[in-house]
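This report refers to the structure that appears directly beneath it.
The values are calculated or read from the model by the stated rules, or taken from the named source; none is laboratory data. Predicted model only: the values in this text are computed from it and were never measured. Note that we place each Cβ from the backbone using ideal geometry, even for glycine, and neighbour counts take in every protein chain shown.
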Amino acid sequence: MLIYLLLFLSSPGLTQGPNLVELQGEPFVIELQYLRADNFLKKNVYGAFGLKGCYVRPELHKKLSALAPTLKQNKKKLVFWDCYRPLKVQEAMWKLVPEPRYVADPKIGSNHNRGAAIDVALADEQGKLLKFPTPFDDFSPKASPQYVCSENEKEQCQNRDFLIQLLASVGLEVFPTEWWHYQLPKAEKLPVIPTFEGAK
Ligand SMILES: [Zn+2]
């Protein structure tokens, strides 16, 4: 009996954390920015791990799915730039940019490694990205959700504020320095998921 219990406890399913769920279909657009080379790392860090989709924890998947009617009513799409990120990718990113201001130390783990964070923006019905105060992974003060837009940037701040309110409506919190990053409350208390069958 004990041997079966030990085998059960050491099975990969238990050590690899909860099953992540893939987010896909209208009105969601998946454009993973680390699956291409024109990001701030100047490297496609997802290709080698076979990660091509947007995976999140089940409770986050439920919250995001609940946004579909509001997005459709407002003739908008939610664009995903990053979702679950395997720990090995975090280690590869840290090797390229070992600077905690830009990349989370893999020893601590990013909430993306927990399947509890997403990087998103909005697009119109045709899939054209709306205007925002900065592009993705811009590390200037303009990336702060509190940045006050100048007179000729009003549209950018309106879109950002709509996004923040939209995600707050399902209980997701915006990151204090990145208008595009949202996460589950107390996400840092959730376990890091090193890898899973959808991203090896
Ligand atoms: Zn993020």
Taking region 88-121 and the residues there that are under 16 Å from Leu32 (Cα atoms) and away from the ligand (no atom under 11 Å from the Cβ), the one that is surrounded by the most Cβ atoms within 10 Å (Cβ to Cβ) would be Gly115
Odd one out for Lys42 among (1) of a type outside the set (A, V, I, L, M, F, W, C); (2) assigned to a loop (DSSP other than H, G, I, E, B); (3) at pLDDT 95 or above = (3)
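Would region 94-107 turn up any residue that is within 22 Å of Ala168 (Cβ to Cβ) and hydroxyl-bearing (Ser, Thr, Tyr)? Outline the logic, then answer.
Pass one, region 94-107, residues within 22 Å of Ala168 (Cβ to Cβ): none.
So far as region 94-107 goes, no, none of its residues is within 22 Å of Ala168 (Cβ to Cβ) and hydroxyl-bearing (Ser, Thr, Tyr).
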Being more than 20 Å from the chain's Cα centre (by Cα) and among the basic types (Lys, Arg) is the filter here, so list the residues in region 122-145 that pass it.
-> none
Does region 165-189 hold any residues that are within 15 Å of Ala66 (Cα to Cα) and either away from the ligand (no atom under 13 Å from the Cβ) or not in a loop (DSSP other than H, G, I, E, B) (or both), and which are they?
-> Gln165, Leu166, Leu167, Ala168, Ser169, Val170, Gly171
Can you tell me which of Val148, Val192 is within 15 Å of the chain's Cα centre (by Cα) and away from the ligand (no atom under 13 Å from the Cβ)?
-> Val192
